[in-house]
1. Sort out which residues of segment 154-208 are more than 15 Å from ALA296 (Cα to Cα), part of a helix (DSSP H, G or I) and open to solvent by less than 20 Å² (accessible area, probe 1.4 Å), and write them in order of number.
2. Please list, ordered by first then second residue, the pairs with beta carbon atoms under 7 Å, 6 or more apart or interchain, first in segment 13-36 and in a loop (DSSP other than H, G, I, E, B), second among the charged types (D, E, K, R).
3. Just the residues that are buried (at least 20 other Cβ atoms within 10 Å of the Cβ) and either assigned to a loop (DSSP other than H, G, I, E, B) or free of Cβ contacts under 8 Å to residues at least 40 places away in the same chain (or both), please, taken from segment 278-310.
4. Within segment 229-248, does at least one residue satisfy the condition of being at positive phi and assigned to a loop (DSSP other than H, G, I, E, B)?
5. Which numbered condition in (1) within 30 Å of PRO84 (Cβ to Cβ); (2) at pLDDT below 95; (3) in a helix (DSSP H, G or I) is the only one that PRO107 fails?
6. Of all residues in segment 54-89 being under 19 Å from PHE140 (Cα atoms) and of a type in the set (Val, Ile, Thr), which is most open to solvent (accessible area, probe 1.4 Å)?
7. For segment 110-133, what are the residues that are part of a helix (DSSP H, G or I), open to solvent by 50 Å² or more (accessible area, probe 1.4 Å) and either charged (D, E, K, R) or within 25 Å of GLY21 (Cβ to Cβ) (or both)?
8. Given the structure, is LYS142 in contact with a Phe, Trp or Tyr (Cβ under 6 Å, 6 or more places away or on another chain), at pLDDT 95 or above and either in a helix (DSSP H, G or I) or of a type outside the set (A, V, I, L, M, F, W, C) (or both)?
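The values are calculated or read from the model by the stated rules, or taken from the named source; none is laboratory data. The structure presented is a predicted model; accordingly, all values stated were derived computationally and were not measured. Every residue, glycine among them, receives a Cβ derived from its backbone with ideal geometry; neighbour counts consider all protein chains shown. We work out accessible area using only protein heavy atoms, side chains counted, and drop any ligands, DNA or RNA first. Shrake-Rupley method; radii C 1.70, N 1.55, O 1.52, S 1.80 Å.
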Amino acid sequence: MQQCDEMYMRRALELAALAAGRTSPNPLVGAVVVKDGVVVGEGYHHKAGTSHAEVHALNQAGDHAQGATLYVTLEPCNHHGLTPPCTRAIIAAGIKRCVVAMEDPNPLVNGRGLTALAGAGIEIETGVLQLEAEKQNEVFLKYICTGLPFVTLKTAMTLDGKIASHSGDSRWITSEPARQRVHEMRDQADAILVGIGTVLADDPRLNTRLAYRQGRDPVRLIIDGGLDLPLNSQIASSSAEQKTLVFTADSADPQKVRSLEDIGLEVITVDGARDDLNLEQVLQTAAHRKLSHILAEGGGAINASLLKYGLVDKIYWFIAPKIIGGAKAPSPVQGEGLEAMAEAIGIENVEVTLIGPDLLISGYIKKPAYR
């Protein structure tokens, strides 16, 4: 039985992954209905505000759902949101057994769904491929448990640890395959965060460009304490096409604020000095906008601040087999740095992948209690 449960749950996880980056702020959820060893219904949650995975799977199963087993990657909801409770549909369909990968920590659910199903006489099994389900929904878990977005820090450097030459030239450190991987990351993020230094140095568009399909452009979050964003930059000129929030200090020049707002940028003031804005407030603002996954692609100063204040959850660190040299060439993390190796920020669950000629090292900052 356990082997079969894992097989069907793995299929449910595969279905859930089809909507990666599209369900925010909702979780990724997949569901499979099985009767007499045959899959009779499948479904997944496509995006927030639409039917949940269980409803899609039950609709596909039809009358075959009577007496069947439902496999679902997250505890079914038992409350009215934008859609009716999934528990009601499961009970009405005549499901006999419900196998759940993980319970939903959302206070609106948090065991109530399982209790409702058990109260209706449905056999409940939980914890099947729970770790896989938790990793798949790491963004949702951080967002729902802390009220802050999940922050992924991405950077690219040469073999000798440089993100640009001493003259500031950084195009291109990594190969085309690695850059396409970054665009896949953007496609699955709700927002992309950079500092004004990156904007001034590279004049980026910060959109999603995928060679094989159309991607989704993330909301752009620009950290700009002095409102130095050029009105002729790609960020400014594309403000009508891609939502952009510019974060600045309370002391910002009102005329500069008006100039940016006049071309469609939204300017938001947060606490802190011009060169040291309160990035936690930036993330809180993003969370209030239901932006649950932030991809940070800033330079050394922004990276240092995010790490210093413990705001990073995961890293993607590209290393190109190139050597630039130069004492004045910038590194991925600047600032004052730490004084002792014992204070170094640890990375766990490290994975190393070869993408073209480049290495990608990914892992998690050793800190979150929500995982």
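1. ALA178
2. The qualifying pairs are ALA19/LYS47; GLY21/ASP187; GLY21/ARG216; ARG22/LYS47; THR23/LYS47; SER24/ASP190; SER24/LYS290; PRO25/LYS290.
3. Selection gives LEU291, SER292, GLU297, GLY298, GLY299, SER305.
4. So far as segment 229-248 goes, no, none of its residues is at positive phi and assigned to a loop (DSSP other than H, G, I, E, B).
5. Going through the list (1) within 30 Å of PRO84 (Cβ to Cβ); (2) at pLDDT below 95; (3) in a helix (DSSP H, G or I), PRO107 breaks only (3).
6. THR83
7. Answer for segment 110-133, where residues must be part of a helix (DSSP H, G or I), open to solvent by 50 Å² or more (accessible area, probe 1.4 Å) and either charged (D, E, K, R) or within 25 Å of GLY21 (Cβ to Cβ) (or both): ARG112, GLN130, LEU131, GLU132.
8. When the stated conditions are applied, LYS142 passes them.
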